[in-house]
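Data first, discussion second: the structure below is written as structure tokens.
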Ligand SMILES: C[S@@+](CC[C@H](N)C(=O)[O-])C[C@H]1O[C@@H](n2cnc3c(N)ncnc32)[C@H](O)[C@@H]1O
């Protein structure tokens, strides 16, 4: 099983159905619940959502911070697919959300990001690195590591390789899937030394079979 060879075309055709799919599973709420108790959030932090898509993490993170009375310093997001970014821009407009900057970029060509998009306290990425060719996965992690401030953290949500996710995400959403051992190896190859696996809060127990949560310090 392997990811689609053309994620941009794939998600251009599926921006709306993807948004419907994740709504069904209360995925954004699950990410928000995880972030709501995370010690990684503080006022003034620089945050990047890598592969922001329709904004599940970016919006969930913003809501989690607001609920705790925290305000991000900057909140940036990039994605390969303009149609996904358009969907997110529409959500930001509809919700009168200000202060979020978006850019189109490929995680494998981060030089294309604006020059000031650096030194993040937190780079968060969900369900995106599955679409990078397997052999480029450590390079993609290493590129994101390069965007972190010295004491910054990469927070990754990524699909597990198991019998349930193979048909549901692997085949249906044409995604690569990863075991914990494969992730440990890739994070080490990318230069991360402090890598911790985390869990979804109990209320979102059903997201556990879907995804790994990894916090990796630069
Ligand atoms: C399954 S969606 C996830 C979107 C969002 N992060 C979420 O959790 O709902 C995958 C996203 O990754 C983006 N993507 C795939 N390959 C990418 C790449 N090489 N660089 C940046 N974004 C990419 C796609 O355009 C799509 O928006």
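The values are calculated or read from the model by the stated rules, or taken from the named source; none is laboratory data. Bear in mind that the values here come from a model prediction, so they are computed numbers and not experimental data. Glycine also receives a Cβ, built like all others from the backbone with ideal geometry; neighbour counts cover every protein chain displayed.
Can you go through 89, 20, 14 and tell me which one is free of Cβ contacts under 8 Å to residues at least 24 places away in the same chain and closer than 24 Å to residue 140 by Cβ?
Values: 89 fails: closer than 24 Å to residue 140 by Cβ; 20 fails: closer than 24 Å to residue 140 by Cβ.
On inspection, the qualifying residue turns out to be 14.
Tell me, yes or no, whether the range 156-178 has at least one residue that is in contact (Cβ under 8 Å) with a residue 40 or more places away in the chain, buried (at least 20 other Cβ atoms within 10 Å of the Cβ) and over 24 Å from residue 5 (Cα atoms). Among the residues of the range 156-178, not one is in contact (Cβ under 8 Å) with a residue 40 or more places away in the chain, buried (at least 20 other Cβ atoms within 10 Å of the Cβ) and over 24 Å from residue 5 (Cα atoms), which makes the answer no.
Applying the criterion of being out of contact with any helix residue (DSSP H, G or I) (no Cβ under 6 Å at 6 or more places or on another chain) and surrounded by 15 or more Cβ atoms within 10 Å (Cβ to Cβ) to the residues of the range 51-67, the residue that is farthest from residue 96 (Cα to Cα) is 51.
The numbered conditions (1) in contact (Cβ under 8 Å) with a residue 40 or more places away in the chain; (2) in a loop (DSSP other than H, G, I, E, B); (3) within 10 Å of the ligand (Cβ to nearest atom) are all true for residue 117 except (3).
Listed conditions (1) away from the ligand (no atom under 14 Å from the Cβ); (2) at pLDDT below 95 are all met by residue 149, apart from (2).
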